[in-house]
Amino acid sequence: MNSSVAPSNDHAASEALGLWEPKRTLTLEAARRHSERIKLIRLGLIGLSVALVASIGYNFATQQGSIILVDNPTESVKMVKPRYSGRTEDGAPFFVTSDTATRTLENRNEVALIKPVLEFIREVGVESSFVESATGTYDDINKVLNLTTDVNLETDDGYRCQTTHARIFAKDKRIIGDQPIACDGSFGDVKGQSYAIEDSYSIFKFKDGMSALIKQNTSDEATTVDNTSDNTSSSLFSFGGDGPVNVTADEAIYQGNTTDLEGNVEVVQGGAVLTSDVMNIVRTSEASQTAGSLKLGAIQTITAKGNFHYVTEENDIRGDQGVYEREKGLITVTGNVRVRQPGGNMVDTDRLIYNVKTEALQFSGQCRNEVTGKGCTKTGRTSFKIKQDSR
């Protein structure tokens, strides 16, 4: 019994010690196969490395005429097709995009832009407006866009401007520029040597000398003055005429249907000229199809103060102040009024009313003829209606 059990115990002990001969043989065979695989992989990697080095060398050798990019130590980041966004103080969104944006180490707060575009909402509920330029910079911290070349502005209500400089405070919704600007829109064609656009891009200020062409839209019958009388006053200035009006001044402010002019103001229509120190022009208006914008029509009233001077072929009128009312067809001049006519008639008074349709002058005081020294004589189409002062 004991002799038959002993071999079994010897086999178990040998297996526990890893001395079982068949298993050892199999383990050595697996190691040999593993070594062969490693050798093949190494050879493959070496061949791939040689091919890669050869390819790189070939590319360098065959591209001698290519542009070599030189590292610019002043550049920190360059982005392609960036998009910056923000909101104005009243919560309206705006977006700044460009072809490229480069941030330099010299000025970390700004990025230099190529072909920047600002898209903004002038008023809630209207379509977006935009400003575009060839070059510019953008301060993303303070939301200030500075455009310096070929600047074009177009608002949702139809105003278009061209200039070479615009500094846009996007959060405040305002623009300033120290270069000449030319704009066209409902207010006409306007040019200024410098400018500012304020109050949600609704107030246009033209500074350092401006000129304008007012195009009067009189399609509304309610704004059209009857010029069917037997005179040709509509061809003269008379303000009742619907022709274009040329304006020059040192400064001008356009807000809605109101224009305020200051400094060497001159208004010309047809064969007549009106000048003064300051002038306020109010035009007829109606809401356009675009929310928040107006369609401007004919001149409704003009108030001219300081060195008022109105000249036509028939009359030379001066005073301290003059007020034109389109609906009445009258110009009322007050303060140190003096009228001269080509035939020598002259009037000095404190108040004068001029009818733009009949060209009749009504005033308190006496009229005399500087040539004859006698009373006034009727000349041309103008007739004097002398009204004695009843005060």
Practice task
Sum up the charges of everything whose Cβ sits under 14 Å from the Cβ of residue 125, counting Lys and Arg as +1 and Asp and Glu as -1, but leave residue 125 out.
Solution key: -4
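Heavy atoms only, probe 1.4 angstrom, no DNA, RNA or ligands counted: give me 106, 29, 314 ranked by accessible area, highest first.
106, 29, 314
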Handout entry: Ranked by how many other beta carbons lie within 10 Å on average, peptides 256-265, 113-122 from highest
Key = 113-122, 256-265
Practice task
Provide the net charge surrounding residue 81, with neighbours chosen by a C-beta distance below 14 Å and charges set as Lys +1, Arg +1, Asp -1, Glu -1.
Solution key: +2
Fill in the blank from the handout: Violations at 25 Å Cα threshold for listed pairs 191/295; 115/295; 115/171; 207/305; 207/328 -> 115/295; 207/328
Problem - Highest average packing first - 32-39, 364-371, Cβ atoms within 10 Å - result: 364-371, 32-39
Problem - Using a Förster distance of 56 Å, the FRET efficiency for residue 370-residue 142 (Cβ separation, nearest 0.05) - result: 0.30
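The values are calculated or read from the model by the stated rules, or taken from the named source; none is laboratory data. Values in this document were obtained by computation on a predicted structure and should not be read as measured data. Glycine gets a Cβ as well: all are built from the backbone with ideal geometry, and neighbour counts include every protein chain shown. With ligands, DNA and RNA removed, areas are computed over all heavy atoms of the protein, side chains included. Shrake-Rupley method; radii C 1.70, N 1.55, O 1.52, S 1.80 Å.
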